[in-house]
Amino acid sequence: MSQKSSEVDEDLKNRVEQDKVLKSQFELDIRDKNRLEAFVDGVFAIAITILVLEFIVPVLPHSNIAIFNYLGSIWIKFLGYFLAFFLLGMLLNNHSRQFRNLEYADQQLWWLNIAFLSFIVLVPLVTSIWIEYSDTTIGVLCFHFDMLISGLILYLNWIYILKHKYLLRKDITSRTITIIKYRNSSFPIASLIAIGIAFFTPLFSNVAYLFILLIMFISPILIKRKSEK
């Protein structure tokens, strides 16, 4: 009897050890999404802050006219700053919407986000190129291509998540999934439109990013109408 009991105990012990190994392997793949989200927020905060370094105040006469003329001469810097700030804010908003509806972030999602951030960090650089050479096609294309790749990676993030539904929150609705998909797709589409326009009128090509706002506001309405049919 005691021999059978010891055999049962040994078998139970082996299974527990095996479960511990499986559990540890699972934990390597399923990581805390909050840490990744905090890292993303930090990188965005740094990228947005660096944008203002484009502004260097020269030594000017203490005259209202001199200061007014200086501010008028750097209008292109203000335009580039607010455009980049707005687009980074939209990318962060879309990313935040994704992560609010996640339960976990696995290893592949981590690396997708690292790739995404590598292009976010480039935004201050391509914005500086855009400001300096806003009248050239190549100058503005550097900016548009960075936005295109950033938007595509963020869109791929969501596609990956939808293919691995165990990462999603259990209470997420199909409406939320569709809205996020629409809003993520607006960035690559707007960037492609901007790239096309840049070959004709480089500076005017930035108007294409208004398409993102359009999709942001009409996507809930389109989805609602579709569900009512």
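The values are calculated or read from the model by the stated rules, or taken from the named source; none is laboratory data. All values reported here derive from a predicted model rather than from experimental measurement. Positions of Cβ are generated from backbone atoms using ideal geometry, with glycine treated the same way; all protein chains shown enter the neighbour counts. For accessibility, only protein heavy atoms count, side chains too; no ligands or nucleic acids. Shrake-Rupley method; radii C 1.70, N 1.55, O 1.52, S 1.80 Å.
Structure notes:
- Nearest-10 value in Å² for the accessible area of residue 59, using the 1.4 Å probe: 150 Å²
- Relative contact order, percent, the stretch 116-170 [alpha-carbon distance under 8 Å, six or more residues apart]: 33 percent
- Among the chymotrypsin sites (Phe, Trp or Tyr not before Pro) in the stretch 46-82, those located in a DSSP loop and surrounded by at most 11 other Cβ atoms within 10 Å of their own Cβ are 55.
- Over 19 Å [Cα-Cα, the stretch 23-160], rounded percent: 57 percent
- Rh by Kirkwood over Cα pairs, then Stokes-Einstein D for the stretch 88-127 at 1.567 mPa s and 4 °C, µm²/s: 115 µm²/s
- Net charge contributed by nearby residues that have their C-beta within less than 13 Å of residue 156 (K/R +1, D/E -1): +2
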